[in-house]
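Report on the following structure.
The values are calculated or read from the model by the stated rules, or taken from the named source; none is laboratory data. Since the structure is predicted, the reported quantities are computational estimates derived from the model, not experimental observations. Cβ sites come from the backbone with ideal geometry, for glycine too, and all protein chains shown count toward neighbours. With ligands, DNA and RNA removed, areas are computed over all heavy atoms of the protein, side chains included. Shrake-Rupley method; radii C 1.70, N 1.55, O 1.52, S 1.80 Å.
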Amino acid sequence: MKINASKMATPIEEKVDQNLKTRTGMVMISDGKSKPELARLHLSMEMITIQRQDTTTPAPTPTNATHPPIESRERMVQITRQKVGGLGLSIKGGAEHKLPILISRIYKDQAADATGQLFVGDAIIKVNGEYITACPHDDAVNILRNAGDIVVLTVKHYRAATPFLQKQLSRETPESDNDATCAELKADENWKSVNSSRPVSISSEPENRWIDLVSVPLMMAYVTRYIYGTDKLRPNAFEVRGLNGTTTGIIHCDDLAILSQWLKYITDNVVGLTSLQMKLFNRNFPVGERIEYMGWVNEGVINNHISWQSYKPRFLVLKGTEVMLFDSPPLNVTGLTKANVAYKVYQTMFRVVKESETVDSRQHCFLLQSSGHEPRYLSVETRQELLRIENSWNAAIVTSVIKLGRKTFAVSHHGKTGGLTLDWQAGFSLTEGAEAAIIWQYKFSQLRGSSDDGKSKLKLHFQDHETRTIETKELECHVLQSLLFCMHAFLTAKVASVDPTFLSSIQQA
């Protein structure tokens, strides 16, 4: 294939490879400082890869898909877990034996067998895009068991191991010892020579091949068009950073339509994989403690040494009654307990910043302010992502308020100490004295307005159901901001709860 180096980007080509859609196209790549160079972008469901062209002698390709592949290239295979039999395969090996994770058995008519693309002797390189090559055997077993209902395996066939493993099947039992099998495999003459063996070429004709320069996993990856740490938008360029610290470098597209396409395809894959991870996390939590949203945002950071605001990537999680910010995404359930910042949703205000109110060139901004804390100024890459966060926030408000049920604040009313209670079912009520006698009570729907002095004094204006007159109640509260934020949360949740469209959207999500 001849490449026209004068054209920076080519139309994106789509193809289905082993039941999985991939996309490729020519772009320009740089480190942000030096002159961009021509490269190919290869996008799969869970990986984005930068490739350069190379000329090599082709390896033979299999002529029959029912037989193990002759060439030892990596393949991606998607399996749908079955209720009975799971993935339908067994594994041997592991890092503790200095062996790859090898498929040692494929059970007839079960999930792995149904793909027609997995074979005894295949080494599992990745599970859902995550490398397991450094995993001990037991860890690999647990990863496969908890990988979800749809599992994508990246595998590579080891011909040297196949005869030994097939011979093992004739005497293997479910309780066979992995340690013993691994020791025998390492002593096998065919396996000893695997590193020195090379695929036999069947043709001397050269072909155009693509060599991977860098691969970035898309699970919870960070995609941005901004110059890192600033509000400066890159013209016709973007970058993808992976959880493992890898980066694509700066990807340049001279054609805005192609740039937009790449961003959409990559972002869609990131969102899809992150949603899958979110569902896996949520298996561990009851309904009221589940995750509503996970994704990257950028937080504006004021630095006294410079005159402008810099930005820091943060990973935002809305879970149960909390909104949390992490420096890096949580990789497991334990990681969710280690947030750098955590606020209660019902005591935090969320507000989308209008375009006329933004402090710099960053777009799609919003504010988070929790009682007793400075507001946090955050931005995302697209309008669609901002809408996702806003919808998730409203859903989290409903969840957190219903779970909370009621909240009481110490107040003063006509010089007497009392308690103002916000109750999801009953509404507002004021109690006084040791017996907590109810002085007055109103439903949320009776509130017609409120005003405060920004310090401690609050006026609530209720409408009497019978007389239709407005009754004003004056209170003092030393944690006024906390009371106002919580009141706003209860009212927002009440409005949402009587909106059939909103409720339907939550149930579908």
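Here are some notes:
- Kirkwood Rh in Å, taken over all unlike Cα pairs in segment 242-301: 14.3 Å
- In this simple spin-label approximation, residue 282 and residue 309 carry label points 7 Å from Cα along the Cα→Cβ vector, and these lie 3.1 nm apart.
- The GluC sites (Glu not before Pro) found in segment 370-459 that occupy coil by DSSP, while having at most 13 further C-beta atoms within 10 Å, are 435.
- Whole-number accessible area per residue in Å² for segment 284-403, which is evaluated in the context of all protein chains at 1.4 Å: 48 Å²
- Using alpha carbons only: equivalent-ellipsoid semi-axes of segment 441-499, gyration tensor based, whole Å: 20, 17, 7
- 24 Å Cα-Cα threshold exceeded, pairs from 403/459; 21/264; 15/279; 319/443; 459/494; 232/338: 403/459; 15/279; 319/443; 232/338
- Measuring max minus min along each principal axis, the C-alpha atoms of segment 74-166 give extents of 32, 26, 22 Å (largest first).
- Label sites at residue 439 and residue 402, each approximated as a point 7 angstrom past Cα along Cα to Cβ, lie 3.3 nm apart.
- The peptide list 445-457, 260-272, 311-323, put in order of mean Cβ contacts within 10 Å with the highest first, becomes 311-323, 260-272, 445-457.
- Difference of contour (0.36 nm per residue) and Cα-Cα distance, residue 338 to residue 227: 37.1 nm
- Kirkwood radius, segment 284-403, all distinct C-alpha pairs, inverse of mean reciprocal distance: 14.9 Å.
- Of the trypsin sites (Lys or Arg not before Pro) found in segment 70-123, those in coil by DSSP whose Cβ has at most 14 other Cβ atoms within 10 Å are 73, 83, 98, 108.
- For segment 74-166, the carbon plus sulfur part of the accessible surface works out to 49%, probe radius 1.4 Å.
- The fraction of accessible area contributed by carbon and sulfur in segment 344-411 is 47 percent, rounded to a whole number (1.4 Å probe; ligands and nucleic acids excluded).
- Solvent exposure of segment 74-166 amounts to 43 Å² per residue of accessible area, where only protein heavy atoms count and the probe is 1.4 Å.
- The modelled label-to-label distance between residue 360 and residue 138, using points 7 Å beyond Cα along the C-beta direction, is 4.9 nm.
- Added length on full extension, which subtracts the Cα-Cα distance from 0.36 nm per residue, residue 391 to residue 131: 90.2 nm
- For segment 150-163, putting each phi into the Karplus relation 6.51 cos²θ - 1.76 cosθ + 1.60 with θ = phi - 60° gives couplings of 10, 10, 10, 9, 9, 10, 9, 7, 10, 4, 5, 8, 4, x Hz, in residue order, rounded to whole numbers and with x for Gly and Pro.
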